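Contents: one structure, followed by commentary.
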Amino acid sequence: MDTTKYKEIVEEIKPYGTHLVAVSKTKPAEDIVALYNQGQRIFGESKVQELATKATQLAKDIQWHMIGHLQTNKVKVIAPFISLIHSVDSLKLLTEINKQALQNNRTISCLFQVFIADEETKFGLDRAELLQLLASPDFARLQNVRICGLMGMATNTDDEQKIAGEFAGLQNLFLELKQTHFSNRPYFKELSMGMSSDYKIALKCGSTLIRLGTILFGGR
Ligand SMILES: *Cc1c(COP(=O)(O)O)cnc(C)c1O
């Protein structure tokens, strides 16, 4: 696999202090190894079984991020080792993650996925749903999950103004919650936004985690 683009992007994002999640879904283990050998340690997958299989096969110091929609009944498969779950979109799911974390004697880091696009197909909580979740006494009782920030996906469009507007909206919500709900939580610091087509815009809007697949590994 050609790693030229990977090296370019690593240099490009350095000034921002943003971390790269290499999205390896559907790609073979050897492609992951190619980037691993260049120093990449964070890899993102969107299907539980594929993630678990790759995690078994590959180096133990890889930090696996779950970026796709997660069903409650599959949490137990990744709970023993997952490094960050980007796609928490309900209290029910978070409660199950907490339960499985407890069973594995660990704390699992999570992001809330926020719906920012104007498309019906994308998962996530809207602002009101997220505020309601955060206010719930059941949420306050969860001791084995660590909320590290927010994730969002912009509308799939060429309109850069529109994408920038959606990312800025997510950044504003992140900054607001940091003050109102997570002021004494230094680990609430991650803003996961930006994919191959829009990561340059996301960098300017304060993204701390960009999730790149196609641009690194080629089309799927
Ligand atoms: C597949 C995927 C990505 C990567 O998309 P590319 O356009 O290939 O960079 C990022 N985030 C999520 C949630 C994904 O499912």
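The values are calculated or read from the model by the stated rules, or taken from the named source; none is laboratory data. Please read these numbers as outputs of a predicted model, since none were measured by experiment. Every residue, glycine among them, receives a Cβ derived from its backbone with ideal geometry; neighbour counts consider all protein chains shown.
If we scan the range 169-184, do we find a residue that is closer than 19 Å to residue 46 by Cα and at pLDDT 95 or above? Scanning the range 169-184, I find no residue that is closer than 19 Å to residue 46 by Cα and at pLDDT 95 or above, so the answer is no.
Any residue at all in the range 22-40 that is within 21 Å of residue 214 (Cβ to Cβ), aromatic (Phe, Trp, Tyr) and within 15 Å of the ligand (Cβ to nearest atom)? No, there is no match, as no residue in the range 22-40 is within 21 Å of residue 214 (Cβ to Cβ), aromatic (Phe, Trp, Tyr) and within 15 Å of the ligand (Cβ to nearest atom).
May I ask you to say which residue of 215, 210, 147 is within 16 Å of the ligand (Cβ to nearest atom), in a strand (DSSP E or B) and surrounded by 13 or more Cβ atoms within 10 Å (Cβ to Cβ)?
210
In the range 157-201, the qualifying residues are those that are of a type in the set (Asp, Glu) and more than 16 Å from the ligand (Cβ to nearest atom), and the one that is nearest to residue 131 (Cα to Cα) is 176. Checked against the criterion of being more than 18 Å from the chain's Cα centre (by Cα), more than 28 Å from residue 22 (Cβ to Cβ) and among the basic types (Lys, Arg), the range 90-111 has at least one qualifying residue. Any chance the range 125-140 includes a residue that's within 16 Å of the ligand (Cβ to nearest atom), under 19 Å from residue 68 (Cα atoms), without any contact (Cβ under 8 Å) to a residue 40 or more places away in the chain and out of contact with any Gly (no Cβ under 8 Å at 6 or more places or on another chain)? Yes, there is a match, as at least one residue in the range 125-140 is within 16 Å of the ligand (Cβ to nearest atom), under 19 Å from residue 68 (Cα atoms), without any contact (Cβ under 8 Å) to a residue 40 or more places away in the chain and out of contact with any Gly (no Cβ under 8 Å at 6 or more places or on another chain).
Pairs meeting the criteria (first residue in the range 190-201 and in contact (Cβ under 8 Å) with a residue 24 or more places away in the chain, second residue of a type in the set (Ser, Thr, Tyr) and more than 8 Å from the ligand (Cβ to nearest atom), beta carbons under 6 Å, at least 6 apart or on different chains) are 190/208; 191/207; 191/208; 193/207; 194/207. Going by what's in this entry, would residue 178 be described as under 12 Å from residue 149 (Cβ atoms), basic (Lys, Arg) and in contact with a strand residue (DSSP E or B) (Cβ under 7 Å, 6 or more places away or on another chain)? The answer is no for residue 178. Just one of (1) more than 14 Å from the ligand (Cβ to nearest atom); (2) touching a residue at least 24 places away in the same chain (Cβ under 8 Å) fails for residue 73. It is (2).
Being under 20 Å from residue 134 (Cα atoms) and among the hydroxyl-bearing types (Ser, Thr, Tyr) narrows it down to one residue among 83, 109, 46, 24; which is it? Criteria check complete, one pass: 109. For the range 52-69, the candidate set comprises residues that are among the hydrophobic types (A, V, I, L, M, F, W, C) and out of contact with any His (no Cβ under 9 Å at 6 or more places or on another chain); within that set, the residue that is farthest from the ligand (Cβ to nearest atom) is 59.
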